[in-house]
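Following: one structure in structure tokens, then a few remarks.
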Amino acid sequence: MRLSELQKNVPATVAGVVDAVADDAIARRLRELGFVAGEPVRIVALAPFGGDPLLVQIGSTRFALRRSEAARVTVADADGAGA
């Protein structure tokens with residue numbers, strides 16, 4: 001499942017970050033910010049009407065991500081299922 005598809009306040013774990021294009025600068029930056037396999041993640045808040053941004057918490061840090069950026073992050077259920 002993609003992070004952009006995760007429901008609000010549902011705990012999950014980062015499975016990985018997928019490059020949308022070769023040498024994807026956004027995917028690289030997400031990894032640098034801590035979106036790495038095994039990290040706990042959840043959606044804290046959603047923009048109205050399904051728009052941008054999403055407020056995402058990874059560890060104790062919160063980030064505002066566009067849906068297109070969040071779609072690069074694959075997640076699994078907090079117990080590790082559903083990647």
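What the table shows:
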{"read-out": "Residue selected from the stretch 38-48 under the condition touching a Pro at 6+ places or on another chain (Cβ under 8 Å) and loosely packed, with under 15 Cβ neighbours inside 10 Å, by the criterion modelled with the highest pLDDT", "value": "40"}
{"read-out": "Total residues in the stretch 52-80, condition more than 13 Å from residue 3 (Cα to Cα) and within 9 Å of the chain's Cα centre (by Cα)", "value": "0"}
{"read-out": "Subset tally (residues that are more than 14 Å from residue 58 (Cα to Cα) and open to solvent by less than 30 Å² (accessible area, probe 1.4 Å)) for the stretch 5-32", "value": "2"}
{"read-out": "Selected residue [open to solvent by less than 50 Å² (accessible area, probe 1.4 Å), of a type outside the set (Asp, Glu) and outside any strand (DSSP E or B)] from 63, 35", "value": "35"}
{"read-out": "Residues of the stretch 38-51 satisfying the condition of being more than 14 Å from residue 1 (Cβ to Cβ) and either in contact with a Ser or Thr (Cβ under 8 Å, 6 or more places away or on another chain) or in contact (Cβ under 8 Å) with a residue 60 or more places away in the chain (or both)", "value": "38, 39, 40"}
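The values are calculated or read from the model by the stated rules, or taken from the named source; none is laboratory data. Because the structure is a prediction, the values reported are computed rather than measured. Positions of Cβ are generated from backbone atoms using ideal geometry, with glycine treated the same way; all protein chains shown enter the neighbour counts. Accessible surface areas use protein heavy atoms only, side chains included; no ligands, DNA or RNA. Shrake-Rupley method; radii C 1.70, N 1.55, O 1.52, S 1.80 Å.
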